[in-house]
1. What strands (runs of 3 or more DSSP E) lie completely within region 1-102 and have 1 or more residues being closer than 30 Å to residue 166 by Cβ and open to solvent by 70 Å² or more (accessible area, probe 1.4 Å)?
2. Restricting attention to region 103-114, and to residues there that are over 19 Å from residue 156 (Cα atoms) and either in contact with a helix residue (DSSP H, G or I) (Cβ under 6 Å, 6 or more places away or on another chain) or of a type in the set (Gly, Ala, Ser) (or both), which single residue is surrounded by the fewest Cβ atoms within 10 Å (Cβ to Cβ)?
3. Looking only at region 131-159, count how many residues are assigned to a loop (DSSP other than H, G, I, E, B) and either open to solvent by 60 Å² or more (accessible area, probe 1.4 Å) or free of Cβ contacts under 8 Å to residues at least 60 places away in the same chain (or both).
4. Please go through region 115-126 and give me each residue that is open to solvent by less than 80 Å² (accessible area, probe 1.4 Å), within 20 Å of the chain's Cα centre (by Cα) and either more than 18 Å from residue 48 (Cβ to Cβ) or hydroxyl-bearing (Ser, Thr, Tyr) (or both), ordered by number.
5. Return a yes/no flag: does region 93-114 have any residue that is more than 30 Å from residue 23 (Cβ to Cβ) and in contact with a strand residue (DSSP E or B) (Cβ under 7 Å, 6 or more places away or on another chain).
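The values are calculated or read from the model by the stated rules, or taken from the named source; none is laboratory data. Please read these numbers as outputs of a predicted model, since none were measured by experiment. In this analysis, Cβ positions are derived from the backbone assuming ideal geometry, glycine residues included, and neighbour counts consider all displayed protein chains. Accessible surface areas use protein heavy atoms only, side chains included; no ligands, DNA or RNA. Shrake-Rupley method; radii C 1.70, N 1.55, O 1.52, S 1.80 Å.
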Amino acid sequence: IDVDTFIDSFLHIEKLVSDESGTHGPHPDEAFIGDPRGRGFGCYAPVIVSALEQAAPEYYVLNETGKTLEELTDTYVKRGTPVLVWATINMTQSKPGASWRIDSTGEEFVWKQGEHCLVLIGYDTENYYMADPYTGEPVTVYEKSLLQSRYEEMGMQAVTIVKKPQ
């Protein structure tokens, strides 16, 4: 499917609300927050897992959050399976961004500014090779230690899909 179909048909999207009680809305584990085609924050692994399970029922969608990049490369990438990971735009250090109250818990949430998803497609002894939609290049290379730091900053979130047996 194309990106627009994925967004329109499968991605759970919500907006933040500002009213007399302040700014509030969902946690990024619950929905994509904002406009995926414009001004928005984003979402975390559980939202992508849910959307992919609907969009691609012929695949197992695996939330691999908590796995190290080395574990992901050993388990998936070296066997030809790419992995979606959360890091930051251009691998710059994240900063505290906007905050809001989570509707489901009442807790205050602070967005990590610079959050970005990219796809881990290869590696060597010093670098990780990524499909990074922000750069627009077919392959973007990041030093292993730098990507590892940014991946950890974003909670070591990762998702992959594996074709179900016929």
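1. 59-63
2. Ranking the qualifying residues of region 103-114, first place goes to 106.
3. Qualifying residue count, region 131-159: 8.
4. If the condition is that a residue be open to solvent by less than 80 Å² (accessible area, probe 1.4 Å), within 20 Å of the chain's Cα centre (by Cα) and either more than 18 Å from residue 48 (Cβ to Cβ) or hydroxyl-bearing (Ser, Thr, Tyr) (or both), then 122 is the only one that fits.
5. Looking for residues that are more than 30 Å from residue 23 (Cβ to Cβ) and in contact with a strand residue (DSSP E or B) (Cβ under 7 Å, 6 or more places away or on another chain), one finds none in region 93-114, hence no.
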